[in-house]
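The values are calculated or read from the model by the stated rules, or taken from the named source; none is laboratory data. These figures come from a predicted structure and were not determined experimentally. Cβ atoms come from the backbone with ideal geometry, glycine included; neighbour counts cover every protein chain shown. Keep in mind that these areas ignore ligands, DNA and RNA; they rest on the heavy atoms of the full protein, side chains included. Shrake-Rupley method; radii C 1.70, N 1.55, O 1.52, S 1.80 Å.
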Amino acid sequence: MLYREVGDYKTSYAADQATFSITFDRWFYHAVVAAAVLVVPFVINDYWANAVVLPFLIYSIAAIGLNILTGYCGQVSLGTGGFMAVGAYACYKLMTAFPELNIFFCVLLSGGVTALVGMIFGLPSLRIKGFYLAVATLAAQFFLVWLFNKVAWFYNYSASGQISAPERTVLGFEITGPEALPASAYLFCLVFVLGLAWIARNMTRGSNGRRWMAIRDMDIAAEIIGVNPLSAKLSAFAVSSFYVGIAGALFFSVYLGAVEVTEAFGIQKSFIVLFMIIIGGLGSIFGSFAGAAFMVLLPVLLKNVMVGQLGWATDLAAHFEFAIVGALIVFFLIVEPHGLAMLWRIIKEKLRLWPFPH
């Protein structure tokens, strides 16, 4: 069998600590990345881009960000939608105030602005935790949505209250605007996903990740052994908000093009991202991708099967989707709290020992 550790010799500490310790895993990862870069751009169309691929990439970034805060650092947050709105409106203000600034830097700077806002709203985590911290971040969600609704400066005093992304190009290819090609928008988002996922994976395996997990497991014991809770918690809020802000900027500028804060970044958005990391697996980068894929593909599948094949009403399919998601959350919390990531890990362990019993 191909999926074996036999013959994979480790001759250095770096090799022993590699993310993909088995050759098959490493080559499979390289094959997936190669297909994403070299194959998908040539076969993607408008439907797959708007219904599946772009939402999956953008939600993956948001899920990784929330997983850093909740899964790795143990700080519960219900304000993801509000922080995505910060990224979206920061990107809009940068794009309109600096027309010559490349959209790539607009998105990165939007993440930086969101990181600063996240640190401010993360200050209560120094004194409260658990349910009370969740309520505090929920208050941040409602406050941010109210702020972007009431202060006209954020939407440039538009009569409709909406923000629309100006047309921007990268290397001659239009990324935003009605003429943007699906392949261009896909590759632009893919660059952020690959880069941020690589950074998150290395960050969570390094000293920052160990501090976050020490705070998550037992904050008092972590402080006794020398972990500074101030820097650990605020850094988790900053990094998490940076990721979520980039997701919000991409969601606004590349995916939707025009948004209204209540509809696009309401409380439902916060719960969707939270469901992604619960179903995918807390404390797992792979789980963030798995949860995002599940939450994006499920509505598409139900719509095609129930509405397209069975002729059900659209609202009935939507209600059935909520019922399925709720049931799965209860199932994973009871049966497998670590979600799809743990199931995938168990499958790989059995493959490594097959055909011998575990």
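For the pair segment 19-92 / segment 284-325, the C-alpha centres are spaced 18 Å from each other.
The calculated FRET efficiency for the pair I225 and L101, based on their C-beta separation and a Förster distance of 41 Å, comes to about 0.40.
With the simple spin-label model, which puts each label point 7 Å out from Cα in the Cβ direction, the V335 to V170 separation comes to 4.0 nm.
Taking trypsin sites (Lys or Arg not before Pro) across segment 251-358, none is in a DSSP loop with at most 16 further Cβ atoms lying within 10 angstrom of its Cβ. Of the trypsin sites (Lys or Arg not before Pro) found in segment 112-209, the ones in coil according to DSSP and having at most 14 other Cβ atoms within 10 Å of their Cβ are R127, R205. Taking other residues whose beta carbon is less than 12 angstrom from the beta carbon of V145, and scoring Lys, Arg as +1 and Asp, Glu as -1, yields 0.
Farthest toward the positive end of the dipole of the chain, out of S184, G74, L108, is the Cα of G74, where the dipole comes from beta carbon charges about the Cα centre.
Summed over the residues of the chain and divided among them, the accessible surface reaches 51 Å² per residue at a probe radius of 1.4 Å. Spin-label pair A139-E349: with each label point 7 Å from Cα along the Cα-Cβ axis, the two points sit 4.2 nm from one another. A simple charge model with +1 on the Cβ of Lys and Arg, -1 on the Cβ of Asp and Glu and nothing else charged puts the dipole of the chain at about 820 debye relative to its Cα centre. For segment 1-102, trypsin sites (Lys or Arg not before Pro) meeting the loop criterion (DSSP other than H, G, I, E, B) and having at most 14 other Cβ atoms within 10 Å: R4, K10.
Could you look at the chain and say what percent of its accessible area is carbon and sulfur, using a 1.4 Å probe and all protein chains? With neighbouring chains kept in place, the figure for the chain is 70 percent.
Extension gain, Q268 to Y132: 0.36 nm times the residue separation minus the Cα-Cα distance gives 47.0 nm.
Taken along the Cα-to-beta-carbon direction at a fixed 7 Å, the label points for N202 and N50 span 3.8 nm.
Sorting Y9, Y29, Y89 by solvent-accessible area of protein heavy atoms yields Y9, Y29, Y89, largest first, with a 1.4 Å probe.
When the pairs K150/K269; K269/K303; K233/K348; K233/K350; K150/K303; K10/K129 are compared against a 30 Å limit on Cα-Cα distance, K233/K348; K233/K350; K150/K303; K10/K129 fall above it. FRET efficiency for the L298 to Y9 pair, using the beta carbon distance and R₀ = 51 Å, is estimated at 0.75.
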